[in-house]
Structures are given as structure tokens and as C-alpha cells.
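Throughout, read-outs are computed from the coordinates displayed, never taken from laboratory work. It should be emphasised that the depicted structure is a prediction, and the values quoted were computed from it without experimental measurement. FYI the Cβ positions are ideal-geometry reconstructions off the backbone, even for glycines, and counts take in every protein chain you see.
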Amino acid sequence: MSHQIFINLPVKDLKKSMDFYTAIGFQNNPQFTDDKAACMVLTDQIYVMLLTFERFADFSSKEIADTKKQIAAIHALSATSAEEVNNIVDKAVAAGANEYADPKDYGFMQQRCFEDLDGHNWEVVFMDMEKMPQ
């Protein structure tokens with residue numbers, strides 16, 4: 001059994017966030033979805049749990065950050081090609097995301113960044129190990 005990662009994100013509008021993540025390639029798992037939470041699946045190892053603020057607060061006594069104003073984390077997602085990087089970020093922007101940095105090409109790595117509807121930051125990267133500097 002391989003390890004899995006579940007990224008839990010507080011969201012203001014669950015339906016809009018579900019639509020956003022669906023637009024960029026995630027699929028909803030209805031088995032773990034209700035009116036306060038949605039399990040969005042990218043691969044067998046990568047899941048994003050979208051939680052209403054009320055539900056997210058059940059898991060922590062800390063104040064929930066306003067990620068439109070403060071950075072809480074940067075979530076990085078690998079892609080299988082530079083084209084996939086562009087495809088994901090272009091879909092995110094079309095679905096309402098903000099591309100918060102200029103695309104970067106390091107020769108061996110391409111990177112683009114966006115923030116989702118709630119201001120959660122994402123980096124999408126492709127690394128070509130054959131071009132990696134020695």
C-alpha cells in the first residue's frame with residue numbers, strides 16, 4: 001500500500017469550490033461528500049478535502065486564516081509534462097483562479113502558480129530530470 005496525501009482546505013462556498021476543482025481535473029468522491037465537506041480526487045494518492053469553515057473548525061482550535069490576505073501554505077503539484085502544467089493552470093484561471101506569479105522556466109523545470117477561489121496557493125511544476133544540471 002502506498003502513502004496518500006489528503007490536503008484539507010477551508011472554503012467559503014462548498015459548491016463553487018467543488019465546481020472549481022472539477023474544472024481543473026479533480027473528481028468528486030460522493031462517499032465522503034456531504035453539505036459540509038467534499039472529497040475531491042486527483043489520483044489514487046492525492047485528495048483535496050474541501051471543508052466549510054464550520055466543519056474545518058471541528059479539527060482545530062486555531063483561528064482559520066483568511067488566505068485572501070495571509071499565506072498559510074503553498075501546495076505543489078507535479079505534472080507529467082510542461083503542457084500539462086499549462087493545461088492545469090489555464091483551466092484554473094478559466095474557472096476563476098488568480099495566476100499570482102509569472103510562469104517560470106528554469107530549463108529543467110517549468111512552474112506556474114495560481115490561487116484558488118479562497119486564496120489557497122498552488123504551484124504546478126514539471127521537472128525534466130534529463131535536463132537537470134549536474
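When you filter the GluC sites (Glu not before Pro) in the stretch 10-90 for DSSP loop state and at most 15 other Cβ atoms inside 10 Å of their Cβ, you are left with Glu63. Summing charges over neighbours of Val85, with a neighbour being any other residue whose Cβ is under 13 Å away from its Cβ, gives -4 when K and R count +1 and D and E count -1. In a GNM of the chain with a 10 Å cut-off on Cα contacts, which of Ser78, Ser17, Ser60 has the highest mean-square fluctuation? Looking only at Ser78, Ser17, Ser60, the biggest GNM fluctuation is shown by Ser60. Which lysines does Lys36 reach when only Cα atoms under 28 Å apart count, and residues fewer than 8 places away in its own chain are ignored? Partners within reach: Lys12, Lys15, Lys16, Lys62, Lys68, Lys69, Lys91. Summarising the strand pairing of the stretch 51-130, around 65 percent of its internal DSSP beta bridges are antiparallel. Output the 0 to 90 degree angle, nearest 10, between the alpha-carbon long axis of helix 82-94 and the longest principal axis computed from the alpha carbons of the chain. Long axis of 82-94 versus the principal axis of the chain: about 40 degrees. The antiparallel fraction among DSSP beta bridges confined to the chain stands at about 60%.
Neighbour counting of Cβ atoms within 10 Å sorts the residues His3, His120, fewest neighbours leading, into His3, His120. Between Ser78 and Thr22, the FRET efficiency estimated from the beta carbon spacing at R0 = 22 angstrom works out to 0.60.
Measure nothing but the geometry: give the 0 to 90° angle between the long axis through the Cα atoms of 14-23 and the longest principal axis through the Cα atoms of the chain, rounded to 10°. Roughly 20 degrees, rounded to the nearest 10.
For P(r) over Cα pairs in 5 Å bins from 0, in percent, the value calculated from this model appears in [x] 2, 10, 19, 22, 20, 14, 8, 4, 2, 0, 0; [y] 2, 11, 19, 19, 15, 12, 8, 6, 4, 2, 1, 1, 0, 0; [z] 2, 9, 13, 14, 11, 9, 8, 7, 8, 7, 6, 4, 2, 0, 0 under label [x].
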